[in-house]
Amino acid sequence: MTNHFFSVFQDERFMDLTIYQYGYEQCEPLKSFGPYVRNNFLFHYVISGKGVLYANDEKDNVSYHHIDAGNGFLIEPGLVNTYSADAKEPWEYIWVEFGGLRAKESMELAGLSHKSPVFHPIQPEYGIKVLEQMRAMLDSPNDASLELIGHLYLFISKLINYSSSRKKSQGGNLSEFYVREAVAYIEHNYANSITIEELAGKCRLDRSYFGKIFKKVLGQSPQDFLIHYRMAKAADALIIGEQSIGEIGASVGYPNLLHFSRAFKNVYDMPPSEYRKKNKII
């Protein structure tokens, strides 16, 4: 591999777990990144050398973590982080930025968070297995979306199974049950007008409490989830269907074309027409 490499994953159709970027770097001494706030989860595995991570919590208290080869570290979205290579033994690492509806839950199962961001494998050879899956992402063709997503799932599975701080799954709880019910309702009714009050009512919960547990379980507010779900469905239709943009907007609950275009651009950073032009499957 070269001293620096990264790639951007372009396929937006995966919602449970998805890749945003991935790469490799052999850092110069004292090279640092941050302070910076990420929008997604970011995991680094240190192949050689060492460095330090400065991780902020919600109250901007800073914790310091010295990280050596064979270990890794997680950066959570929405929090300030800085990380820096050692002066004498700068680290070489491979990294992946990922997100999705199950990303937060997966990292919790691995016992990784801003409170405990360092990955220690149960045994050194288990760390190598995590590294192998990350290398497989770098070696996959950029246009092999399913292959890349497959490696992401295998990477996260190994991260969970081989983490010394992993947690046992409790088989779900009442909050997760309510959220699954709400998500199932959205999946079947996203084309119709849906309000958060309606979702909360279907679960027989107070709107405020419903919003709180929904965000705790999925890391997104119900409104954000609904918008992203609709826009993902619209993105699929734009690249594989022949409907007009107005028809697609109406099919995901936006009968007003202007409102649909604005919502789509907020999610994908481009209007539907441009997205179709760039990604249309011929």
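The values are calculated or read from the model by the stated rules, or taken from the named source; none is laboratory data. Bear in mind that the values here come from a model prediction, so they are computed numbers and not experimental data. Methodologically, a virtual Cβ is constructed for each residue, glycine included, from the backbone with ideal geometry; neighbour enumeration extends over all protein chains shown. Remember, those area values only see protein heavy atoms, side chains included, never the ligands or the DNA or RNA. Shrake-Rupley method; radii C 1.70, N 1.55, O 1.52, S 1.80 Å.
Figures for the structure shown
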{"item": "Ratio of Rg to Rh over the stretch 71-168 (Cα coordinates, Kirkwood Rh, two decimals)", "result": "0.96"}
{"item": "For the stretch 223-264: rounded, prolate or oblate by the Cα gyration tensor [a/c cutoff 1.5]", "result": "oblate"}
{"item": "Low-density loop cleavage sites - GluC sites (Glu not before Pro) in the stretch 182-282, where at most 15 other Cβ are within 10 Å (DSSP)", "result": "GLU242"}
{"item": "Descending principal axes extents, the chain, alpha-carbon based, whole Å", "result": "60, 45, 31"}
{"item": "Simple spin-label estimate for SER273 and LYS31 in nanometres, 7 Å along Cα-Cβ", "result": "4.2 nm"}
{"item": "DSSP bridge orientation in the stretch 42-155 - percent antiparallel, rounded to nearest 5", "result": "95 percent"}
{"item": "Extension gain from LEU258 to ASN61, taking 0.36 nm per residue of separation minus the Cα-Cα distance", "result": "66.6 nm"}
{"item": "Inter-centroid distance (Cα atoms) of the stretch 226-281 relative to the stretch 59-106, Å", "result": "34 Å"}
{"item": "Largest to smallest accessible area among ASP60, ASP139 [probe 1.4 Å]", "result": "ASP139, ASP60"}
{"item": "The stretch 161-282: translational diffusion in µm²/s, Stokes-Einstein, Kirkwood Rh over Cα pairs, 4 °C, 1.567 mPa s", "result": "81 µm²/s"}
{"item": "Within the accessible area of the chain (1.4 Å probe), percent carbon and sulfur", "result": "50 percent"}
{"item": "Residue pairs, from the table LYS129/LYS233; LYS31/LYS265; LYS215/LYS265, whose Cα atoms sit over 32 Å apart", "result": "LYS129/LYS233; LYS31/LYS265"}
{"item": "Accessible area of the stretch 99-169 divided out per residue, in Å², using a probe of 1.4 angstrom", "result": "49 Å²"}
{"item": "FRET efficiency for SER164 and ASP224, using Cβ-Cβ distance with R0 set to 22 Å, rounded to 0.05", "result": "0.10"}
{"item": "Helix 207-218 vs. the chain, principal-axis angle (Cα, 0 to 90°, nearest 10)", "result": "40 degrees"}
{"item": "The chain - percent relative contact order, Cα under 8 Å, separation 6 or more", "result": "16 percent"}
{"item": "Alpha carbon Rg of the stretch 74-117, scaled by the compact-globule rule 2.2 N^0.38 Å", "result": "1.37"}
{"item": "Nearest 10 degrees, 0 to 90: helix 145-162 Cα axis against the chain principal axis", "result": "60 degrees"}
{"item": "Partners for LYS280 among aspartates and glutamates (Cα-Cα distance below 19 Å; same-chain residues under 8 apart left out)", "result": "ASP11, GLU12, ASP143, ASP236, GLU242, GLU247, ASP269"}
{"item": "Angle between the chain longest axis and helix 174-189 axis [Cα atoms, degrees, rounded to 10]", "result": "50 degrees"}
